[in-house]
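Down below is the structure, laid out as structure tokens.
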There are 2 protein chains.
Amino acid sequence: MPAGFGFVVTHRDGRARRGRLTTPHGQVDTPVFMPVGTRGAVKAVTHEQLEALGASIVLGNTYHLYLRPGDALIARRGGLHRFIGWDRPILTDSGGYQVFSLGDLRTIDERGARFRSHLDGSEHELTAERAVDIQARLGSDIAMVFDECLSYPATEGAARESMERTARWARRARERFEAVRAGATDVVVTNPGQAQFGIVQGGVFPALRRESAERTVAVGFEAYAIGGLSVGEPVDAMYDVVGQTTAWLPEARPRYLMGTGMPDDLVEAVARGVDLFDCVLPTRNARNGQVLTRYGRMNLRNARFAEDDRPIDAACRCYTCRRHSRAYLRHLLTVQEMTAATLNTLHNLSFYLDLMGEIRDAIEFGSFESFRQTFHRTFSRRPVSS
Amino acid sequence: MPAGFGFVVTHRDGRARRGRLTTPHGQVDTPVFMPVGTRGAVKAVTHEQLEALGASIVLGNTYHLYLRPGDALIARRGGLHRFIGWDRPILTDSGGYQVFSLGDLRTIDERGARFRSHLDGSEHELTAERAVDIQARLGSDIAMVFDECLSYPATEGAARESMERTARWARRARERFEAVRAGATDVVVTNPGQAQFGIVQGGVFPALRRESAERTVAVGFEAYAIGGLSVGEPVDAMYDVVGQTTAWLPEARPRYLMGTGMPDDLVEAVARGVDLFDCVLPTRNARNGQVLTRYGRMNLRNARFAEDDRPIDAACRCYTCRRHSRAYLRHLLTVQEMTAATLNTLHNLSFYLDLMGEIRDAIEFGSFESFRQTFHRTFSRRPVSS
């Protein structure tokens, strides 16, 4: 493992774990939710606001940062942390998910992905090796391997092919990562303590997930992610895959469920042994007026909130709930004031980060199962009515 | 004067004054700059951020709040302060400026203005009396009279006609204000301590400005504003009008220069005895990437900032300058992250509010003239090059 990176499980409660991740930019208590800062900023909030919310790590998107302002420019600025003025840990994805989402704008073969920029149509190539190099220049604390993101539904044959390719790319990515770390390339490394996480694929097929886990672990990464979920499969299928896959991953290494999900998904994934999460839902939904409460989500654009003097959630202690009413937030959404995006984002991120804090406490005190049951009795996936 | 409203001049330096305005929601040190919160929010920042910047009073727009969410709804919420969650002073304009800006969508006669909403084309009427009633429901600490906003250039004849109508409207507005305050109407009053300011018009014609000042003062308001400037006239003409008009206004009452202006305009108006200012420039320009420095304004969209690791202004202590580089801010503007609007707004408002603080200090210490000369030697109206 690179100097400066580490992970210890400090408490167990069933399959749920509480732990501490150490990175070159500080420690992260797990299970943790990582707000998504696509282009070097979590949309609608300042870093100071994120820190006040207790965000201990954020995510950056390699695809977007590679296109603008470019990884070389960021390396010249001293890396992503210095460039964006954030000195807590950062995880970068590999760009794979974004590239695969380009549809007709990309072609994929064994070498990697060739694609046209969604911005100007310019041609680019992303490979297992290039994704390593770009992230080395960005200098995130955690780099992800470049994986193939299978769409859902897929046949078992297609899922196997894709999983095997991802496994071959994982080996190439690790070799490149070690060469870059050893100084055997001309790639500028802005964070010598960067860790690299492998990604388990295999769709909803247990045998493929198991083989993917084994092959990825065999390559040897600092930690392991579960990719290719939250892509349209039934929620029970997702929970099953998560529960099976974590059992095939080493106990001593962090587990990261990529791109998921709703608050109840986080609770269920923690119950199955997951440590790290990221998702655009709390921030994206906030900008659309969808906010979360203990009881479920609420669309503040609804006319019934026009004269509602209550905060979003009376039990919430976030800035938005301490200061503003649903009526005011609905007004700001109606007149399209960008402050609405800020206030709703502060609330939703506070909800996610507080939820993770409660989960960590419950695991520490051995009461996670009771917390989980209480949570599900209260929280509904359907919009709440008051 | 209504209970809870007061003004004392505490220091004089030449014609510049330092003073203290008392309102039902607290005190305001003058000269003061009021950030513009058109629809109940200063765009791109939270109230907490405004407070941290030292904003002691903000402006709300009657026209916009009347249309959405409506003054009756705001009154049912307990008034504008409670509705928006801001408990420092608020000044509301009368809506006159916005209505006159509607062009073909409005007609004006002695009774008032009839106009179609810029939102849905619905028909509305705004009169001297209705502007009083709406602002009584909003419950701002300072209400402005409904005035006719002359466009520039205008003949002396047109300017006289308009000034005289404004003077007649001022009398009607004061009568209505006193009736509302006395409880002789069915208008809901959400702030019994509200003050009402008269507005001096008269274009760039000294004789008209003088007559307008005398007629407005004869009606008797808590304070007096200078309207109809920053509408396209040469800057020297504006300074002349300000310098003449303040001399015709009572020493013991606050003077408010409406809708102006660039930082050097504020310094010059203070030198001529003005106490209150508002302007959308620092907030609007911030969203476009135009930021202010001691040397003048700078457009952060410019490519030459792409690799500039310096803060906007090395001498500025605002959050943005303490934490972020021009390179990062330019990146956020380029990729259209709304955080760019927030960070630039924090800087520009900090610049304006700090400038007013320096002005108040200089007046207190009798060094305003020296401050003014130093300011002009450094600050340029042209864009700065580094």
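Here A:ALA72 yields copy-to-copy label distances, from shortest upward, of 6.4 nm, the label point defined as 7 Å from Cα along Cα to C-beta. Helices in chain A, meaning DSSP H runs of at least 4 residues, each add -39500 (n - 2.57). Divided by all residues, the mean residue ellipticity at 222 nm is -12500 deg cm²/dmol.
Taking chain A as the reference, fit the longest principal axis to its C-alpha atoms, fit the long axis of helix A:206-219 to the helix C-alpha atoms, and give the angle between the two in degrees, 0 to 90, nearest 10. For helix A:206-219, the angle is close to 60 degrees. Between this copy and the others, label points of A:VAL8 are 6.2 nm apart in ascending order, each placed 7 angstrom from Cα in the Cβ direction.
As a ratio to 2.2 N^0.38 Å, the alpha-carbon radius of gyration for the protein assembly as shown is 1.09.
If you take every DSSP beta bridge fully contained in chain B, what fraction is antiparallel? Give it as a percent rounded to 5. Please report the intermediate quantities before stating the final value.
Details: 24 of 45 bridges.
Roughly 55 percent of the beta bridges in chain B run antiparallel, per DSSP.
Sorted largest first by accessible area at a 1.4 angstrom probe radius, with every protein chain in place, the residues A:SER385, A:SER380, A:SER212 fall in the order A:SER385, A:SER380, A:SER212. Taking θ = phi - 60°, what integer Hz values does the Karplus form 6.51 cos²θ - 1.76 cosθ + 1.60 yield along segment A:93-105, in sequence order, with x for Gly and Pro? So the J values, rounded to whole Hz, are 6, 8, x, x, 4, 5, 5, 5, 6, 6, x, 5, 7. Compared with its chain on its own, segment B:330-372 contains the following residues whose accessible area drops by 50 Å² or more in the full protein assembly (probe 1.4 Å; ligands, DNA and RNA excluded): B:HIS331, B:VAL335, B:GLU337, B:MET338, B:THR339. Angle between the Cα long axis of helix B:338-364 and the longest principal axis of chain B, 0 to 90 degrees, nearest 10? Rounded to the nearest ten degrees, it is 80.
Rounded to the nearest 20, the size of the Cβ-charge dipole of the protein assembly as shown about its Cα centre is 260 debye, with Lys and Arg at +1 and Asp and Glu at -1.
Against the criterion of solvent-accessible heavy-atom surface with a 1.4 angstrom probe, B:SER325, A:SER370 sort, most first, into A:SER370, B:SER325.
Per residue, the protein assembly as shown exposes 37 Å² of solvent-accessible protein surface, assessed with a 1.4 angstrom probe and all protein chains in place. Separation of segment B:116-162 from segment B:316-356 is 34 Å, based on Cα centroids.
Which whole-number value in Å³ per residue fits the convex hull of the alpha carbons of segment B:258-325? All intermediate terms of the calculation are to be shown ahead of the outcome.
On the way: hull volume 6.8 nm³, N = 68.
Per residue, the Cα convex hull of segment B:258-325 comes to 99 Å³.
Comparing the full protein assembly with the isolated chain (1.4 Å probe, heavy atoms, ligands and nucleic acids excluded), the residues of segment B:68-109 losing at least 40 square angstrom of accessible area are B:ARG68, B:ARG77, B:PHE83.
Summarised in one figure, the compactness ratio Rg/Rh of chain A, Cα atoms and Kirkwood Rh, is 0.96. Interface residues of segment B:9-44, defined as a loss of at least 20 Å² in heavy-atom accessible area between the chain alone and the complex of all protein chains with a 1.4 Å probe, are B:ARG39, B:ALA41, B:LYS43, B:ALA44.
Globularity index of segment A:285-324 is 1.10 (Cα radius of gyration / 2.2 N^0.38 Å, N = number of residues). In degrees, nearest 10, range 0 to 90: what is the angle between the Cα axis of helix A:368-378 and the longest Cα principal axis of chain A? The answer is roughly 50 degrees.
Hey, any idea what % of the protein assembly as shown's accessible area is carbon plus sulfur with a 1.4 Å probe? It would help to have the intermediate numbers written out before the result.
Working: 13420 of 28370 Å².
The value for the protein assembly as shown is 47 percent carbon and sulfur by accessible area.
Association of chains A and B removes close to 3500 square angstrom of accessible area from solvent, both sides included, for a probe radius of 1.4 Å. Distances from A:ARG294 to itself in the other copies, using label points 7 Å out along the Cα-Cβ axis, amount to 5.3 nm in increasing order. Within the protein assembly as shown, DSSP assigns beta bridges of which about 55% are antiparallel (rounded to the nearest 5).
What does DSSP give for segment A:175-331 in terms of the percent of beta bridges that are antiparallel, rounded to the nearest 5? Walk me through the intermediate numbers first.
On the way: 4 of 13 bridges.
Among the beta bridges of segment A:175-331, antiparallel pairing accounts for roughly 30 percent.
The values are calculated or read from the model by the stated rules, or taken from the named source; none is laboratory data. Keep in mind the model is a prediction, meaning the values are calculated, not measured. Don't worry about glycine lacking a Cβ; one is built from the backbone with ideal geometry, like all the others, and counts go over all protein chains shown. Surface areas here come from the heavy atoms of the whole protein model, side chains and all, with no ligands, DNA or RNA. Shrake-Rupley method; radii C 1.70, N 1.55, O 1.52, S 1.80 Å.
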